[in-house]
1. Which GluC sites (Glu not before Pro) from region 1-49 combine a DSSP loop assignment with at most 12 other Cβ atoms within 10 Å?
2. Let me check I've understood the local charge: for K39, count other residues with C-beta under 14 angstrom from its C-beta, Lys and Arg +1, Asp and Glu -1. What total comes out?
3. Could you tell me which helices of the chain pass both thresholds, a Cα extent of 20 Å or more along their own axis and a mean Kyte-Doolittle hydropathy of at least -1.0, with helices taken as whole DSSP H runs?
4. Enter the mean projected area of the convex hull around the alpha-carbon atoms of the chain, in nm², rounded to one decimal.
5. Considering only A41, V53, Q25, whose Cα is most displaced toward the positive end of the charge dipole of the chain, charges sitting on Cβ of Lys, Arg (+1) and Asp, Glu (-1)?
6. Note down the net charge around L27, summing +1 for each Lys or Arg and -1 for each Asp or Glu among other residues with Cβ under 12 Å from its Cβ.
Amino acid sequence: MSFFEFTKNDYDHIVKECMLDEEYQKLLEYKIKGYSIVKMAQLLNVSEATISVMVSKLKKKIRKII
C-alpha cells in the first residue's frame, strides 16, 4: 500500500488538520492521483528537487496527525 492512498474524507481531514496551503493541497491531490514527480513539478511550476522536498515535508505533517 502506498503512503498516499487516501479517500476524499481522509484528504479533507489532512488538509484541515495540517492546515495545508493551496500549493500543498494540490501536491497532496497529485500524490493521491499517482502523478510523477516530473508531472507535479510542471503543474506546480517548481523543480523536481523542490517537489521531493515538498513531498518529504508533507509526509512529516501527515505522520503527526495519524
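1. Here the GluC sites (Glu not before Pro) that fit, given the DSSP loop and packing criteria, are E5.
2. Every neighbour counted, the sum reads +1.
3. Going by DSSP H runs, the hits are 48-65.
4. Mean shadow area of the hull around the Cα atoms is 4.1 nm².
5. Going by the charge dipole, the pick is V53.
6. +3
Every number here is computed from the coordinates shown, using simple stated rules; none is lab data. What you are looking at is a predicted structure, and each value in this text was computed from that prediction instead of being measured. Ideal geometry is used to build each Cβ from the backbone, glycine not excepted, and the neighbour counts take in all protein chains shown.
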